[in-house]
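Enquirer: One structure, as structure tokens, below. Some questions next.
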Amino acid sequence: MDTDAETPLPSPGSPAAEWIAFDHAVRQDRSWSCTSPLETPEAVRLCHASGWIREESLRAPMPPLLELVAIRCADWVPAVREQARRVLAAALADDPAATVLRLTPLVMRLGRREQGAWALERLEAALDSDHDLLGALRASADPLTRRFAARLTLGAGLLGVRERARLAAREPDAVAGRLWTDATLAALAADGPDDEAIDTLLGGRGPMVRAAGVTALRGAGRTAEAAGHLADRSGMVRACARWLVRQGGGDPYPLCRELLSDPARVTPYAVTGFAECARRQDAPLLHALLEHPDGRVRAAAVGGLRLLDSTDIELLRPLLDDPSPAVAREVARSLGGSAGRLPVDWLTARIAPGRPPHTRRAAHRLLSARGGVDSLRASVQLLTDGDAALRAVAAQHVRSLWIPYRQPDLPVRDPEVGALLDRCTHLFSAPVMRQMRASLGLPAGRAAADRY
């Protein structure tokens, strides 16, 4: 292991994972030596495999690296732990704000260890009376730190409903977003509706946040606004909007249908939203959208027909050549169950190198769905393709043909199968290939030196 090259000493402010990796690397490689000016012997001693050396390093008069001290606070050696905790306690007493901001992302991860709770409890105690510092943690780039700050903030009863809604609306982490969203809804339930907070939720980046905003419209007497969210980009939000329309005594079906009345303004999410509440007799309306100039709308129409269980093979088959990757992908999904009814030569022609990459991927997906020799032949053909992504997909499919104690979906004693397996022996270990060929009644095949 070349620890020098692979795991240099992180600098203050580096991600927590880098400090944990550095500590692990030093402990695993006893021949570790330092080459960078930043990689001081003291840092190595703080992570040394010997508990005696780790403890002695913590007693050094020079200020130690606080990140490594925090790791040692969860050390498995009691004497090392106790000394590290004294050092960290002194740092918190000397400069609590800087220490908390610097160490929280790391301590959050160390808290999962058997001895990791102590440092986390010290940070919580330092934050009890410093609400400004808590605010700085809420703005951290680290998701675990933001979750930690959210729990402490809410536990202390801080922030009003509007500020909670703003934090929910802009939070990219789903867990932290859920904390702020639930807290906002609880405040709305306890104190009554607040239009500004609800509007903020409705504009949130996460679907769960927007769905909460739609649900809150009912308590605010704004049920009529539900129609404006029937074409949201999230299925969760659309479902909440349909529920709210029904709660107001309305029917979401005609409202969703109306969203498709103007082809020039129709959106892909409006198409999907309509399909979610449409009936099979509405399929002609989606058929018309298969010729829409926007590929996203065409793809949504194909997906909508699948939701209605209205898959017309002859109607969808030409769309495998659609210039939009999204359309080809949706067609492959829709026709997967009917792949056996598609001409194999027609599909094989579409995995040829001259076709667009998305058409080739979709055709290969359908050939794979056919199973049997057709599937194996197509995948083996692509094992040496110039498209790396297609090569990987083809190799993965060939490997999936062999499941222990289950007969492969291939005909037995078929010479073509034997020849195809000769071309992909590099994807299997020798014992697995022998078992596969034996289960198919095939001879052992080429020697390893003759593999394709």
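The values are calculated or read from the model by the stated rules, or taken from the named source; none is laboratory data. Small disclaimer: the values here were computed from a predicted structure and weren't measured. Backbone-built Cβ (ideal geometry, glycine too); neighbour counts: all protein chains shown.
Enquirer: Given the condition within 23 Å of GLY116 (Cα to Cα), of a type in the set (D, E, K, R) and modelled with pLDDT under 85, answer yes or no: does some residue in the stretch 61-80 qualify?
Expert: no
Enquirer: For the stretch 59-99, give me the residue count where each residue is farther than 16 Å from TRP19 by Cβ and either part of a helix (DSSP H, G or I) or not acidic (Asp, Glu) (or both).
Expert: Residues of the stretch 59-99 farther than 16 Å from TRP19 by Cβ: 59-63, 76-83, 85-86, 89-90, 92-98.
Subsequent filtering for residues that are either part of a helix (DSSP H, G or I) or not acidic (Asp, Glu) (or both) retains 59-63, 76-83, 85-86, 89-90, 92-94, 96-98.
Qualifying residue count for the region: 23.
Enquirer: From (1) within 30 Å of GLY371 (Cα to Cα); (2) assigned to a loop (DSSP other than H, G, I, E, B), pick out the condition that doesn't hold for PRO293.
Expert: (1) is the only condition that PRO293 fails.
Enquirer: Let me ask another. Residues of the stretch 260-280 being in contact with a Leu (Cβ under 7 Å, 6 or more places away or on another chain) and either more than 19 Å from ASP309 (Cα to Cα) or of a type outside the set (Lys, Arg) (or both), which ones?
Expert: We begin by selecting, within the stretch 260-280, every residue in contact with a Leu (Cβ under 7 Å, 6 or more places away or on another chain); these are 260, 266, 270-271, 273-276, 278, 280.
Listed by number, the residues that qualify are LEU260, VAL266, ALA270, VAL271, GLY273, PHE274, ALA275, GLU276, ALA278.
Enquirer: Also, I was wondering about something else. Can you tell me how many residues in the stretch 334-362 are closer than 15 Å to LEU315 by Cβ and surrounded by 12 or more Cβ atoms within 10 Å (Cβ to Cβ)? Write out each step before concluding.
Expert: Step one: filter the stretch 334-362 for residues closer than 15 Å to LEU315 by Cβ, giving 334-335, 338, 341-342.
From what's left, surrounded by 12 or more Cβ atoms within 10 Å (Cβ to Cβ): 334-335, 338, 342.
Of the residues in that region, 4 qualify.
Enquirer: What number goes with the only condition from (1) among the β-branched types (Val, Ile, Thr); (2) crowded, with 22+ Cβ neighbours inside 10 Å; (3) within 30 Å of GLY221 (Cβ to Cβ) that THR267 does not pass?
Expert: Tallying (1) among the β-branched types (Val, Ile, Thr); (2) crowded, with 22+ Cβ neighbours inside 10 Å; (3) within 30 Å of GLY221 (Cβ to Cβ), THR267 fails exactly one: (2).
Enquirer: Where residues in the stretch 377-400 are assigned to a helix (DSSP H, G or I) and either closer than 12 Å to VAL344 by Cβ or of a type in the set (Ser, Thr, Tyr) (or both), which of them is farthest from the chain's Cα centre (by Cα)?
Expert: Per the criteria, the residue is ARG377.
Enquirer: Does ARG423 meet the test of being more than 26 Å from ASP322 (Cα to Cα), in contact (Cβ under 8 Å) with a residue 12 or more places away in the chain and under 28 Å from the mean Cα position of the chain (by Cα)? Please lay out each step first, then the result.
Expert: Working: more than 26 Å from ASP322 (Cα to Cα): yes; in contact (Cβ under 8 Å) with a residue 12 or more places away in the chain: yes; under 28 Å from the mean Cα position of the chain (by Cα): no.
So ARG423 does not fit the description; no.
Enquirer: Here is a follow-up. Quick one: in the stretch 240-261, which of the residues that are surrounded by 18 or more Cβ atoms within 10 Å (Cβ to Cβ) and within 16 Å of GLY213 (Cβ to Cβ) is farthest from the chain's Cα centre (by Cα)?
Expert: Out of the qualifying residues, it is VAL245.
Enquirer: Looking only at residues in the stretch 273-297 that are in contact (Cβ under 8 Å) with a residue 12 or more places away in the chain and farther than 29 Å from TRP243 by Cβ, which one is nearest to the chain's Cα centre (by Cα)?
Expert: GLY295
Enquirer: Suppose we filter the stretch 403-447 for residues that are of a type outside the set (Asp, Glu) and assigned to a loop (DSSP other than H, G, I, E, B); how many remain?
Expert: Qualifying residue count, the stretch 403-447: 20.
Enquirer: Kindly establish whether GLU276 is exposed (fewer than 15 other Cβ atoms within 10 Å of the Cβ) and over 16 Å from ARG365 (Cα atoms).
Expert: no
Enquirer: Being surrounded by fewer than 19 Cβ atoms within 10 Å (Cβ to Cβ), under 29 Å from LEU167 (Cα atoms) and of a type in the set (Gly, Ala, Ser) is the filter here, so list the residues in the stretch 80-138 that pass it.
Expert: ALA97, ALA98, GLY111, GLY116, ALA117, ALA125, ALA126, SER129, GLY135, ALA136
Enquirer: Mind listing whichever residues of the stretch 70-82 are farther than 15 Å from ARG122 by Cβ and in contact (Cβ under 8 Å) with a residue 12 or more places away in the chain?
Expert: ASP75, TRP76, VAL77, ALA79, VAL80 - these are the residues of the stretch 70-82 that are farther than 15 Å from ARG122 by Cβ and in contact (Cβ under 8 Å) with a residue 12 or more places away in the chain.
Enquirer: Still on this structure, I have one more. For the stretch 100-127, how many residues meet the condition of being in contact (Cβ under 8 Å) with a residue 24 or more places away in the chain, not in a helix (DSSP H, G or I) and not basic (Lys, Arg)?
Expert: 3
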